[in-house]
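Following: one structure in structure tokens, then a few remarks.
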Amino acid sequence: MIDQMTCEETFRRLEDFLDRELSADECRLVQEHLEICAICAKEFEFEATVWSEVRAKLQHIIVPPNLREKVSLLLKETECF
Amino acid sequence: MAVVSSAAKLFESNLEPILGTAYGVALRLTHNAADAEDLVQEAAVKSFCGFHTFQTGTNFKAWFLRIMTNAFFKRCRKKRCEPQIIDLEDDSALYLYNKTCEAGLHETGDNPGEILLRKMDTEDITAAMAELPLEYRVVAALYFMDEFSYQEIADIIDCPVGTVRSRLHRGRRKLQKSLWRIAQEQGIVAEHQKKRRFKENDRPNDLRRNIQTA
């Protein structure tokens with residue numbers, strides 16, 4: 001079991017870390033490395049910012065106001081048998 | 001009649017809270033509001049008719065989205081939506097970071113990720129998503145629209161977790177390339193480089209004269 005990560009080991013886990021898919025131990029090791037390595041920290045911060053902004057923009061959706069009513073009406077008219 | 005009616009009510013009570021998310025995923029898959037509505041309605045009818053197969057207490061949202069993404073894949077196969085050429089080039093996970101470094105966007109102290117993305121519209125991002133191969137786009141749409149875990153996405157599209165991880169990672173790398181191209185096309189990069197040059201020029205007169213004659 002490693003007790004600290006190198007830059008290369010941390011970088012390999014970049015995407016899984018951002019996706020919160022690492023185990024608790026691996027996550028802790030990555031965070032510890034980021035606390036002491038400014039270069040890796042900058043890369044991680046950049047990636048986190050980009051994907052957070054992409055997500056925010058993609059989630060900016062205007063749901064058609066009558067969608068619920070349309071679906072409800074459609075289901076009332078649906079015969080499944 | 002009463003039994004059918006209560007099942008219908010139960011179904012609608014499960015559907016109502018997730019309808020917005022479902023529409024959002026549908027929109028990111030189809031890139032078209034009318035098609036997205038159609039897809040959601042088709043999935044609503046299919047899942048309503050198959051509601052007797054849904055196990056109460058399990059994840060209704062994942063179950064519904066599975067039906068919806070299957071419907072989307074079926075539509076694509078019929079329409080032969082797009083070529084399924086998947087570029088096997090192994091793009092770097094830091095493509096956009098490296099490009100912004102090369103362009104000098106890290107030198108001003110501002111966060112270059114914010115610089116690029118804040119200037120882009122939702123339409124720019126959706127255009128980048130539309131360039132993804134279908135398999136990557138489906139995973140990316142599920143990931144970005146609701147922060148599903150790899151396992152949840154795997155359950156929705158019925159494939160191994162490792163496949164989800166691979167498609168998401170590759171999809172994001174391809175998105176980075178598209179985002180950089182869009183940033184260049186829209187002049188976002190050039191604008192920031194110009195601002196940087198103005199800041200460099202904002203020096204005492206004698207020093208600026210020395211730079212110009214160098």
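The values are calculated or read from the model by the stated rules, or taken from the named source; none is laboratory data. Nothing here was measured: the structure is a model prediction, and the numbers come from that model. Glycine also receives a Cβ, built like all others from the backbone with ideal geometry; neighbour counts cover every protein chain displayed. Side chains included, ligands, DNA and RNA excluded: accessible areas come from the protein's heavy atoms. Shrake-Rupley method; radii C 1.70, N 1.55, O 1.52, S 1.80 Å.
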> Which is farthest toward the positive dipole end of the range B:25-143 among B:Q55, B:T69, B:A36, measuring Cα position about the Cα centre, with Cβ charges +1 (Lys, Arg) and -1 (Asp, Glu)?
Replying inline: B:Q55
> DSSP loop trypsin sites (Lys or Arg not before Pro) in the range A:16-55 with at most 12 other Cβ atoms within 10 Å of their Cβ, which ones?
Replying inline: A:R20
> Counting only the heavy atoms of the protein chains, how much of A:V30 is accessible to a 1.4 Å probe, in Å² to the nearest 10?
Replying inline: 0 Å²
> Which value, in Å² and to the nearest 10, is the accessible area of A:C27 when all protein chains are kept and the probe is 1.4 Å?
Replying inline: 40 Å²
> To the nearest 100 Å², how much accessible surface do chains B and A cover up together, summed over both, with a 1.4 Å probe?
Replying inline: 4200 Å²
> On average, how much area does the Cα convex hull of chain A cover when viewed from any direction, in nm²?
Replying inline: 9.5 nm²
> Across peptide B:186-197, how many C-beta atoms of other chains are within 10 Å of each residue C-beta, on average?
Replying inline: 0
> Per residue of B:113-123, how many C-beta atoms from partner chains lie within 10 Å of its own C-beta, taken as a mean?
Replying inline: 4
> Hey, with R₀ at 51 Å, roughly what FRET efficiency would B:D38 and A:E45 work out to, going by the Cβ-Cβ distance, to 0.05?
Replying inline: 0.80
> Going 7 Å from the Cα of A:Q59 toward and past its Cβ, which residues in the range A:14-46 have a backbone nitrogen under 15 Å from where you end up?
Replying inline: A:19-20
>> Which residue, A:L34, A:L73, A:Q4, has the largest displacement toward the positive end of the dipole of chain A when charges sit on each Cβ (Lys, Arg +1; Asp, Glu -1)?
In response: A:L73
>> Which chymotrypsin sites (Phe, Trp or Tyr not before Pro) in the range B:137-195 sit in a loop by DSSP (not H, G, I, E or B) and have at most 10 other Cβ atoms within 10 Å of their own Cβ?
In response: none
> Under unit Cβ charges (Lys, Arg +1; Asp, Glu -1), what dipole magnitude, rounded to 20 debye, does chain A have relative to its Cα centre?
Replying inline: 620 debye
> Hey, got a sec? Which GluC sites (Glu not before Pro) in chain A land in a DSSP loop and have at most 14 other Cβ atoms within 10 Å?
Replying inline: A:E79
> What's the longest piece of chain B with no exposed GluC sites (Glu not before Pro), counting a site as exposed if DSSP puts it in a loop and it has at most 16 other beta carbons within 10 Å?
Replying inline: B:1-88
